[in-house]
Amino acid sequence: MLIRVNGGAGGIKDYLEKGQKEGREFSRDELDERVILAGDLAATDEIIQTMQGDGEKYLHITLAFKEDELDRDTLKKIVGDFREFAFSAFNDDEYDFYAEAHLPKIKSYVHHGTGEFVERKPHIHIVIPKSNLMTDEHVHLNPFGMVDKNERFIDAFQEHVNNKYGLASPKENRRFEFTGESEMISRYK
């Protein structure tokens, strides 16, 4: 498993539900079986929509797997472990947490724009609005702080989960040729 932490200002609900992205002609329903693992996407999106200001309003964390198949129980346990890791310093009522797995129906395709062969594997999307729900002012919430300052902790958790569940580690399965789709592992050069 590889953990990638990003953020966004909007559009995550549409992306998760519809799956459209440039160069890919398939819809989410054609590409994947969506499996809700935690939370409520409509409620998460509502929190994001009510947040004031410009810039990132949510964290978008992707847990990507090398394995072709993973059972739902294992995926749910991994999400539970991630939630416990990320929010060990928070009470449950301070944050919103949404997670869904995408289990590929289409295992591979040729990218419409580049002609590149794209192999698809199971992965989990986690969405965390950057708002502390217990404050009136919607105080900024970010359990990882500046990600590059905490990368070693995220890596340690990643390797712990890989060991615990017998998953392939990106540290042992590095890619040496990078493509547009391999950006998820670009920090492992």
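Per-residue SASA remark: His160, around 100 Å² accessible (1.4 Å probe; ligands, DNA and RNA not included).
Leaving out ligands, DNA and RNA, what percent of the accessible area of the range 1-144 is carbon and sulfur, probe 1.4 Å?
It is 46 percent, rounded to a whole number.
With a Förster radius of 41 Å applied to the beta-carbon distance between Ala42 and Glu172, the computed FRET efficiency rounds to 0.55. When the listed pairs Lys77/Lys164; Lys66/Lys164; Lys107/Lys171 are checked against a 19 Å cut-off, the alpha-carbon distance exceeds it for Lys107/Lys171. For Lys18, the lysines whose Cα comes closer than 16 Å to its Cα, not counting residues fewer than 8 places off in the same chain, are Lys105. Solvent exposure of the range 2-128, expressed per residue, is 50 Å² of accessible area, with all protein chains present and a 1.4 angstrom probe. Amide H contacts of Ala38 (H built 1.01 Å from N, in plane; Pro and chain starts excluded): Ala99 sit under 5 Å, all sequence-distant by 5 or more or on other chains. Residues in the range 68-74 carry Karplus couplings, in order, of 6, 9, 9, 6, 4, 4, 5 Hz; the curve used is 6.51 cos²θ - 1.76 cosθ + 1.60 with θ = phi - 60°, and Gly or Pro positions show x.
3J(HN,Hα) along the range 86-94: 5, 10, 4, 9, 10, 7, 4, 7, 8 Hz, from the Karplus curve 6.51 cos²θ - 1.76 cosθ + 1.60 with θ = phi - 60°, whole Hz, x for Gly and Pro. Site pair Ser88 and Asn163 shows an inter-label distance of 1.4 nm when each label is modelled 7 Å from Cα along Cα→Cβ.
The values are calculated or read from the model by the stated rules, or taken from the named source; none is laboratory data. Computed from a predicted structure; not experimentally measured. Using ideal geometry, Cβ is built from the backbone for each residue, glycine included, and neighbour counts are taken over all protein chains shown. Side chains are part of the model used for accessible areas, which takes the heavy atoms of the whole protein and leaves out ligands, DNA and RNA. Shrake-Rupley method; radii C 1.70, N 1.55, O 1.52, S 1.80 Å.
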